[in-house]
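Student: Here it is, the structure in full.
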Amino acid sequence: MGGYHEGHLQLMRTARAECDRVVVSLFVNPTQFGAGEDFARYPRDLKRDAQLAEQVGVDLLFVPAVEEMYPRAGTMVHVPLVTTHWEGAARPGHFEGVATIVCKLFNIVGPDVAYFGLKDLQQCRVITRMVEDLDMRLSISLQPTVRESDGLAMSSRNAYLTEEERELAPMVFQQLTLSKQMLKSAKMGGDQVEEVLRHSRSTLEDSGFRVDYFELIDLETTQPLRSVGMECALVVAAKLGKTRLIDNVLL
């Protein structure tokens, strides 16, 4: 959606290394923003983003107008189950907007491979499930989260953080890492898992974050877990000032 940072550029570089042609979208998608969210102030700098994409070897920057992508109120794509919790619950309609615009992008461009960052873990699962369920003829390549030197996951919305908030923000990843270590150190289940999650929530809230969720989830279904399984992840969303930060670690 623009506001390109090193995480986006790394996706582009990987695509450049693996593919003959690289197409990158630049479209702030209105249908994935809810009432009161930051659509109007979302970072936009077409000239800067275009220069960055060109520097890493992108062949085509796809920059459609809203009227071009949404000429009327039309069909929306709903992906069940994996959208039930977390961002799906906190931001009603968000994933319908994401799935619809990504579906349209795939239909317009016709890619063989599409690259997404695991920083938006639930979004990755939504898109993967959509491709599977609708028999789309492409593969999805999920790439590791790119982080700042202090661990903060790179995000366009990090630009909203004040200097003081930016110093606090790495605590999100620190708590994810600590919780991961605790959960992997023993075969935990039930009350023990909940105690680890509760402690991380409390630590963040005591430091000034407003925690939407800090949970252990099944990687396939995104449903909550109360025991550590073979395919699971810790996910978090926490607001610091006016900035909502999301992150995750795989177990």
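Student: Which residues, counting only those in the range 135-152, are of a type outside the set (A, V, I, L, M) and surrounded by 14 or more Cβ atoms within 10 Å (Cβ to Cβ)?
Tutor: Selection gives SER141, GLN143, THR145, ARG147, GLU148, GLY151.
Student: How many residues are within 20 Å of LEU250 (Cβ to Cβ) and surrounded by fewer than 20 Cβ atoms within 10 Å (Cβ to Cβ) when one looks only at the range 153-178? Give the derivation first.
Tutor: First pass over the range 153-178, keeping only residues within 20 Å of LEU250 (Cβ to Cβ): 153-155, 170-178.
Subsequent filtering for residues that are surrounded by fewer than 20 Cβ atoms within 10 Å (Cβ to Cβ) retains 154, 170, 174, 177-178.
Counting residues in the range 153-178 that are within 20 Å of LEU250 (Cβ to Cβ) and surrounded by fewer than 20 Cβ atoms within 10 Å (Cβ to Cβ) gives 5.
Student: Among the residues of the range 77-86, are any in contact with a strand residue (DSSP E or B) (Cβ under 8 Å, 6 or more places away or on another chain), buried (at least 16 other Cβ atoms within 10 Å of the Cβ) and part of a loop (DSSP other than H, G, I, E, B)?
Tutor: Checked the range 77-86: at least one residue is in contact with a strand residue (DSSP E or B) (Cβ under 8 Å, 6 or more places away or on another chain), buried (at least 16 other Cβ atoms within 10 Å of the Cβ) and part of a loop (DSSP other than H, G, I, E, B).
Student: To continue, here is another question. Give PHE95, PHE116, PHE39 a once-over and let me know the one that is assigned by TED's automatic domain parsing to the domain that holds GLU132, assigned to a strand (DSSP E or B) and within 23 Å of LEU245 (Cβ to Cβ).
Tutor: Among PHE95, PHE116, PHE39, only PHE116 is assigned by TED's automatic domain parsing to the domain that holds GLU132, assigned to a strand (DSSP E or B) and within 23 Å of LEU245 (Cβ to Cβ).
Student: All but one of (1) more than 18 Å from GLY189 (Cα to Cα); (2) crowded, with 22+ Cβ neighbours inside 10 Å; (3) out of contact with any Phe, Trp or Tyr (no Cβ under 7 Å at 6 or more places or on another chain) hold for LEU240; which doesn't?
Tutor: Condition not satisfied by LEU240: (3).
Student: Where residues in the range 96-139 are under 17 Å from the mean Cα position of the chain (by Cα) and of a type in the set (Gly, Ala, Ser), which of them is farthest from ARG21 (Cα to Cα)?
Tutor: GLY97
Student: Another question about this same structure. What's the number of the only condition in (1) surrounded by 18 or more Cβ atoms within 10 Å (Cβ to Cβ); (2) without any contact (Cβ under 8 Å) to a residue 24 or more places away in the chain that GLY97 fails to meet?
Tutor: For GLY97, the failing item is (2).
Student: Continuing with the same structure: Which pairs do you get when a residue that is modelled with pLDDT of 95 or more, found in the range 10-27, comes within reach of a residue that is of a type in the set (Lys, Arg), reach meaning Cβ atoms under 8 angstrom, with the pair 6+ apart or on two chains?
Tutor: Listed by first residue and then by second, the contacts come to VAL22/ARG16.
Student: A further question on this structure: Please go through the range 196-219 and give me each residue that is within 16 Å of the chain's Cα centre (by Cα) and either not in a strand (DSSP E or B) or not assigned by TED's automatic domain parsing to the domain that holds LYS184 (or both), ordered by number.
Tutor: Once the filter is applied, which keeps residues that are within 16 Å of the chain's Cα centre (by Cα) and either not in a strand (DSSP E or B) or not assigned by TED's automatic domain parsing to the domain that holds LYS184 (or both), the range 196-219 yields only LEU219.
Student: When the range 124-151 is examined, which residues are found to be in contact with a Gly (Cβ under 9 Å, 6 or more places away or on another chain) and within 16 Å of ILE101 (Cβ to Cβ)? Write out each step before concluding.
Tutor: Filtering the range 124-151 down to residues in contact with a Gly (Cβ under 9 Å, 6 or more places away or on another chain) leaves 124, 126, 137-138, 142-147.
Residues satisfying the conditions are CYS124, VAL126, LEU138.
Student: Give me a count of the residues in the range 130-140 that are out of contact with any helix residue (DSSP H, G or I) (no Cβ under 9 Å at 6 or more places or on another chain) and in a helix (DSSP H, G or I).
Tutor: 2
The values are calculated or read from the model by the stated rules, or taken from the named source; none is laboratory data. Model, not experiment: these values are computed from the prediction. Methodologically, a virtual Cβ is constructed for each residue, glycine included, from the backbone with ideal geometry; neighbour enumeration extends over all protein chains shown.
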